[in-house]
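The values are calculated or read from the model by the stated rules, or taken from the named source; none is laboratory data. Every value quoted in this text rests on a predicted model; they were computed, and no experiment measured them. Note that we place each Cβ from the backbone using ideal geometry, even for glycine, and neighbour counts take in every protein chain shown. Just so you know, the surface numbers come from the protein's heavy atoms only, side chains and all, with ligands and any DNA or RNA stripped out. Shrake-Rupley method; radii C 1.70, N 1.55, O 1.52, S 1.80 Å.
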Amino acid sequence: MAEELKTQQQFDAFANAVAAALGTHCRTAPLPEYARGLARLIVDDEDRALRLCQPDAHRPQRLQVFAGLPNEEQVAAPSIQVSTISAAHVARDIKRRLYPLHAQAMEQAARLTAYQQAEARARRAVAAAVAAALPGARIEEEHRRTRITWQHTPRPAGEHGPAQTDNLSATVGPSGEWVQVDACGRPDSMIPMLTALTQVPWE
């Protein structure tokens, strides 16, 4: 018969037993960020994080186990539902059902991380080349974009009245595959800047 875990103390003891059944070096810790019910963090022999949770207090014999990932905002953490028949039963289900899903998700997360790193390197290279053609430009990283802004306020000697500011902004696409340029200002200031941009090496 499945155990009904109704208190955090009971749940913690069960989680400790699951950890012991998973491996000799497994450990547990509180999981305060889980607000739906009872929960406990288990870290196994290979430093895989598992979140053992009870999502429905009306069904205390049913648990859900989530496998932790380094970037869960982009790759969904796999999970399984298990019954509290015994700690050994839960540990067996984790090894048999959750670990293969966790390995697949980790591979997907690794591929995504590698792609994002390559994308960022390519974008930074293009942004650096663009900024080099715009002395004094400011570089700002946005979500998968790099924005480069340049401003200049010329005031020739003896000139009175409000000064006109020359503006040039360039946005570099996610992996540097495109650059969008917007410019507004005096021709004698803007043309040299635009000419410098056309001479940027795009290797």
(message) Whether any residue in the stretch 143-156 is under 30 Å from ARG51 (Cβ atoms), within 24 Å of the chain's Cα centre (by Cα) and not polar (S, T, N, Q) is what I want to check.
(response) yes
(request) Enumerate the pairs (first residue in the stretch 147-167 and more than 30 Å from ARG123 (Cβ to Cβ); second residue anywhere and open to solvent by 80 Å² or more (accessible area, probe 1.4 Å) and at pLDDT 60 or above) with beta-carbon separation below 7 Å, excluding pairs fewer than 6 apart on the same chain, so at least 6 apart or on different chains. (result) ALA163/ARG155
(request) Could you identify the single residue in GLN116, GLN64, GLN81, GLN74 that is surrounded by 16 or more Cβ atoms within 10 Å (Cβ to Cβ) and polar (S, T, N, Q)? (result) GLN64
(request) Restricting attention to strands (runs of 3 or more DSSP E) lying wholly within the stretch 67-158, give those where 2 or more residues are within 26 Å of GLY176 (Cα to Cα) and not small (Gly, Ala, Ser). (result) 138-142, 145-152
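Yes or no, residue by residue, for (1) outside any helix (DSSP H, G or I); (2) touching a strand residue (DSSP E or B) at 6+ places or on another chain (Cβ under 9 Å); (3) open to solvent by 80 Å² or more (accessible area, probe 1.4 Å):
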{"site": "GLN9", "(1), (2), (3)": "no, no, yes"}
{"site": "ALA17", "(1), (2), (3)": "no, no, no"}
{"site": "THR28", "(1), (2), (3)": "yes, yes, no"}
{"site": "ARG51", "(1), (2), (3)": "yes, yes, no"}
{"site": "PRO55", "(1), (2), (3)": "yes, yes, no"}
{"site": "HIS58", "(1), (2), (3)": "yes, no, yes"}
